[in-house]
Structures are given as structure tokens and as C-alpha cells.
Amino acid sequence: MSDNAEIRFEGIGVSPGIAFAGIYVVRDDLDEVARYHIAPSRIADEIGRFEAGLIQTRMQILEMQERIAESIGAKDAAIFDAHLLVVEDRTLIDEVLRKLKTDLCNVEWAFQEVATRYAETLSKIDDPYLRERALDIQDVTKRVIRNLQGKAPKAFLSLSGPHILVAHNLTPSDTASMSRENVLGIATDLGSRTSHAAILARSLTIPAVLGLHDITAKVDTGQHLLLDGNDGLLIVNPAPQTLACYRELESRRAKVTAQLKELRETTSTTRDGCHIVLSANIELPEDVDAVAANGAEGIGLYRTEFLYLNRKTLPAEEEQYETYRSVAEQVRPNPLIIRTFDLGGDKLAEGVADVTDELNPFLGWRAIRFCLENQDIFKTQLRAILRASAVGNIKVMFPMISGLDELRRAIAVLEECKQQLRNSRAEVAERVEVGAMIEIPSAAICASALAREVDFFSIGTNDLIQYALAVDRVNEKIAYLYEPTHPAILRLLKMVADAAHASRIWVGVCGEMAGDVALVPLLLGLGMDELSAAATLVPRVKRAVQSVAIPECRELVEDALKLNTASEILGRCLQLADNRYGDLLG
Ligand code: PEP
Ligand code: MG
């Protein structure tokens, strides 16, 4: 096979669109050390940073050693003695300082250069002890660099020229910081449809294929790649016929997109005249332009924790107030539903509070649990939201509610903030609707009790599915088990919708399921009053809503409830979708 033969890889298409460009592979943390010039006047600062980084690393190693000594034994803990020797190695440290001064470069770069050279030299010597030391140096180097990188920019975030980024994994903050001009597409070993990196890629309209297992080991920087985010396909060195085929496909898709654009000013009303509120999800304030541009009626989910992801601390009350006020003003009179911080899980909060590594972060100290214990953070956000409610149509909702006690505690804090603001004569809307996100099975099962104490429900199917089916939403190895049409999910959704309507409150879906056109009729048949999806998906969802009538959607649900597998239910959904708007499915 020639070096230029076309090779195909299949993954999970999580953000639609086609990209064709050269590859940039983010191989390892160490590849990501950017070199930048420093002025001679900053040398002392760099040395200070280096010293602090070494002390931090030393403390981490000592802590680790202590933990291992307690849990496994002193003998195993002694292996870290060699790691400690590296951070105390005077020759290495002096050489880094010399390099820093002569090359006028940032300290992580100087450290990486020197440490890598040391490790390489040692690994070539025919002595098992010295070879081991080379591994110690590599290990400690990564740790020191990670500590130093608290502030340093990652190299791939400052790429010059357009590329397709291939990485083992991307954090939501990596994805949020990418430039749309230079990152034309994203492909990763890990991840799945509902990981936050995927959600952000969709918001940024960057085509993405995740869950490719070991793609970083199979491609190289510089190769040409065609990435198809619709079908979850990577084609390395695409042949001229493949490129021609894709050009043809693109022009057909462009026609459908142009038709969808015409729907912008139309309402999302079913064929038999039932209005379904169609809103957009946003992560960053900049996303707000896309809301009206795609014909959404407001914002059904504002993931406010993304305000924090690219910084070390949360914004203060005034800054949050300005942000919420400006977003609310831009969408009014339509609603802006603000979800309080959902930190934790794959959205880390180590800069915000003292969170230690958790074995099960998705089941851990996150979202409302975190906020109820960090009331200063929670109250600051609630005050900012309440003050902004004086200017726009703001509703507030709490993430990860697991039961009535927790909901009542959250509402009590909200009421306390409202009272304080009114006492200090700050303006707050007469009435601010309060909602609970239903994304934990216990909340779905106890939905009747919760419905009596809130104004609305918003179902977070991304989490509801992961918890109900015990399938980690970001683990590509079990992505095939993540089935939105599982009979258990159908029943949970029905319980929530029925409980809401029995208490005369409205219910919406803001998880990714709401943006899947194949499943829209199922959600309508279940009685959902609102659907909130990524802005770019809104026109497709609107077409789906306008193409069906409620009785046929109810019939679909009745049939689905008689079926026992996810694939049968999906098949039944696709049948109706294909009959009504088959062109959107391809
Ligand atoms: C969800 O869980 O469905 C949801 C909308 O919230 P997030 O994806 O941010 O967890
Ligand atoms: Mg969630």
C-alpha cells in the first residue's frame, strides 16, 4: 500500500459539517509546551515561578508518598524518593536557569528542553539503574510542567493557520478556547455525543468526530484529512473521487440548509396547530447572536459554569450581573432560563474550591450539591441573576436535583437572596419562575412531589440517560449502550411529563435528545411543551415540529411503550420521521 493510500476511520459524529485540512496531532502533554519570548526584566519573575513550581511538585510528591505509605506500605512509597531527587537536582536546576537567561524564553520551555535531554542521555546508557532514572525524570518533568502551566497557553490553542486537531481528549475549557479560524475540525480518541467538549464543538459549529479509540497513534501531523462530522468518519489522504463525492454531498446539504433558513421567522407549530416552544442552549454570552439568527424563541438553558472554565476564579457579582443582564436584554421579551453553576463532573472546579480528585466525579460533589455547600458562591450568583431579572424575562433553574429536601434548600437560599435585595431596595422582578432540572432518576421517580413546588421542569436527558442506564456519558468504550430510546428512558420521560401536567406546570427537554430530529415526534407525543437544543440545530427541529401532528406522535408513544428494546423503539421513531421529513435524516 502506498503512503498516500486513502484510509478510513469510524468514530462518533458529534458536530455536523465537513472539514478538509492538514492534521495537527496533540500527542502528549509535553508537546503542548509553548515557547515564548520573555523580556530581560521578567527573568526574575520566571525564576520565581520556577521555584514555586518545584516547591508545589515537591509537596505533591511528598503527599503522594504519604498516601501510598499509609495504604500500601513504606517500601512502595520509597519509589518516590527518586522523584524527589529530580526536583532537588542542583545540576539540572542550574542548567535550566542558565538557559532561561541566555535564550530569554519561558521557564517551562527551558525546563522541558533540559530535562528531556537529561532523560534521553540517561536512557541510552547501558545501566538498568540509570534507565530507571530517565523514566523518573520524564514523569517528574510532566508534573512540573503541568504545575507551571497554571497560566501558560497551550500550543494548540495558538496554532497558526487552519488545521484539523487530533487529540487524545479535550477538556471543555480547551474546546471553549479554540479559534474557529484555525481549528476547522476536531477528532479525539475519547469522548461521546454528550461530553461537554462535543456540546461546545456544536455551539462553535466546529465539525467533530470523537470516540475514535487510538486515532492519535494512527495519524501524523501534516497528513491531509477529510473529517465528516455527520457520519462520524475520518478519511486520511482522501482520493480525488472521494473529494468529488463530498463536494456533491456538500452542495445537497447546502440546499437543505438554505431551505431551513427560510423557516427563521415561522413559528414552531405542529400541523394540527399545537405550539411547541423552541429555545436554544447557550454556553457563552457570545452564543446569544445565534439564538435569534436560527429562529429560536429564547434561551432554554444557559450553562453558566462556562463563564468560569477559562479562568481560575468565578466572576464577581457585578460582572455576573452585567453578563446576565446583557444576555437577557438581547433575547427579551423571550425568556432566558439561567441554570445555576453546574461545576464538577467533566467541568472541574479546582480553581474555585478545594476539590480533590474524586473516584466518581459524575456521582460526586457537583452542581447543586457543590453550591449548597459553597453558599457564598451560590448566593453571589443568585443575587446577580435576581438583579438582572429586573431587566429581562429571566427564569432560574437548579441542576442535579435529587429530591425534595435538596430542592427546598435551594429555593430557600433563593428566597433569602430575594429578601435581602428587596430590603436593600435593589430592583428584582415581581416574579421569577423557578424550575428544577430533572436529570437524576430519583427526581424523575419523585417528580409529582417536586412539581408541586416549582414553576417548570427541564429534563436534562444527557445526565438522566447516563444515570438511569449506568453509562458514563463521556466513555467511548460503552457509547453503544448510551441509548436515548431505551424503554426505561421512555418510561422515565413519561413519568416526568405526566407529573408536570398533573400539577399544571410546563415541562421541557434541554438535553441533546431535544436536538435529535428522529426523536422529536416521540418527545411531542409524550407531551413536552418546550424543546431546547443547540442553536444550530433549532431550524431542523422546527422543520420536524412543523411536519407532524400531535395525534400521530401520541400513537407513536403508545406503540413505543409496547416495544421492549431501544432499537425497536428507534426504528419506530425513524419510520415516522422518514415519512414526514426524510431529507433531514440523511
Ligand atoms: C443534561 O444533563 O441533559 C443537561 C442539559 O445538562 P449538561 O449537559 O450540561 O449536564
Ligand atoms: Mg446535566
- [ ] Give me the number: length gained by fully extending S424 to R90, i.e. 0.36 nm times residue separation minus the C-alpha to C-alpha distance, one decimal in nm.
- [x] 114.3 nm
- [ ] Could you give log10 I(q)/I(0) at q = 0.10, 0.12, 0.13, 0.23 Å⁻¹ for the stretch 40-148, computed by the Debye formula over C-alpha point scatterers of equal weight, without solvent?
- [x] -0.31, -0.43, -0.50, -1.23
Open item on the list: For the chain, give me the percentage of DSSP beta bridges that are antiparallel, rounded to the nearest 5 percent.
Closed with: 35 percent
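Less than 13 Å Cβ to Cβ from T270, Lys/Arg counted +1 and Asp/Glu -1: what total charge do the surrounding residues give?
+2
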- [ ] Taking the Cα centre of the stretch 538-582 as origin, sum charge times position over the Cβ atoms of Lys and Arg (+1) and Asp and Glu (-1), and report the length of that vector in debye to the nearest 20.
- [x] 280 debye
Open item on the list: Run the simple label-point estimate for L404 and T221 please: 7 Å along Cα→C-beta, distance reported in nm.
Closed with: 5.9 nm
Task: Gained length - H213 relative to A449, 0.36 nm times residue gap less alpha-carbon distance - done: 80.7 nm
Open item on the list: Counting C-alpha atoms alone, how compact is the stretch 168-282: give Rg to one decimal and Dmax as a whole number, in angstrom.
Closed with: 17.3, 54
TODO: Mind ranking E317, E305 by accessible surface for me, highest first, 1.4 Å probe?
DONE: E317, E305
TODO: Determine the order of E6, E558 by accessible area, beginning with the largest, at a probe radius of 1.4 Å.
DONE: E558, E6
Open item on the list: Using a 1.4 angstrom probe on the protein heavy atoms only, could you order Y324, Y129, Y24 from most to least accessible area?
Closed with: Y129, Y24, Y324
Task: Computed magnitude of the charge dipole of the stretch 180-266 (debye, nearest 20; Cβ of K, R +1, Cβ of D, E -1) - done: 280 debye
- [ ] Assign one of three labels to the stretch 490-586, namely rounded, prolate or oblate, based on the Cα gyration tensor with a ≥ b ≥ c the square roots of its eigenvalues; rounded applies when a/c is under 1.5, prolate when it is not and a/b is larger than b/c, and oblate otherwise.
- [x] oblate
- [ ] Would you mind getting me the FRET efficiency between L104 and N475? Use the beta-carbon distance for r and R0 = 30 Å, nearest 0.05.
- [x] 0.10
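Helix-only mean residue ellipticity at 222 nm, the chain, DSSP H runs n ≥ 4 weighted -39,500 (n - 2.57), per residue, nearest 500. What is it?
-14500 deg cm²/dmol
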Task: Projected label distance in nm at R369 and E555, using a 7 Å step from Cα toward the beta-carbon - done: 4.5 nm
Task: Gap separating the Cα centres of the stretch 175-195 and the stretch 519-566, nearest whole Å - done: 29 Å
Task: Accessible area in square angstrom per residue, the stretch 325-473, 1.4 angstrom probe - done: 40 Å²
Open item on the list: I'd like the distance between the alpha-carbon centres of the stretch 467-504 and the stretch 248-304, rounded to an integer number of Å.
Closed with: 24 Å
TODO: Compute the FRET efficiency between N4 and V256 as 1/(1 + (r/R0)^6), taking r as their Cβ-Cβ distance and R0 = 45 Å, and round to the nearest 0.05.
DONE: 0.85
- [ ] Would you calculate the separation in nanometres between label points at L585 and A52, each defined as 7 Å from the Cα along the Cα-to-beta-carbon direction?
- [x] 5.8 nm
Open item on the list: Residues of the stretch 473-504 with backbone nitrogen within less than 19 Å of a virtual label 7 Å along the Cα-to-Cβ line of L563, please, listed as ranges.
Closed with: 480-495
Task: Förster radius 45 Å - calculated FRET efficiency between A316 and A502, Cβ distance, rounded to 0.05 - done: 0.60
- [ ] Over every pair of different alpha-carbon atoms in the chain, take the mean of 1/r and invert it; report that Kirkwood radius in Å.
- [x] 26.1 Å
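Would you mind working out the magnitude of the charge dipole of the chain relative to its Cα centre, with +1 at each Lys and Arg C-beta and -1 at each Asp and Glu C-beta, to the nearest 20 Debye?
1240 debye
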Open item on the list: Place a point 7 Å from the Cα of D231 along the Cα-to-Cβ direction; which residues of the stretch 180-224 have their backbone N under 11 Å from it?
Closed with: none
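The values are calculated or read from the model by the stated rules, or taken from the named source; none is laboratory data. Quantities reported herein were computed from a predicted structural model and do not represent experimental measurements. Using ideal geometry, Cβ is built from the backbone for each residue, glycine included, and neighbour counts are taken over all protein chains shown. Protein only, heavy atoms only, side chains kept; ligands, DNA and RNA dropped before computing areas. Shrake-Rupley method; radii C 1.70, N 1.55, O 1.52, S 1.80 Å.
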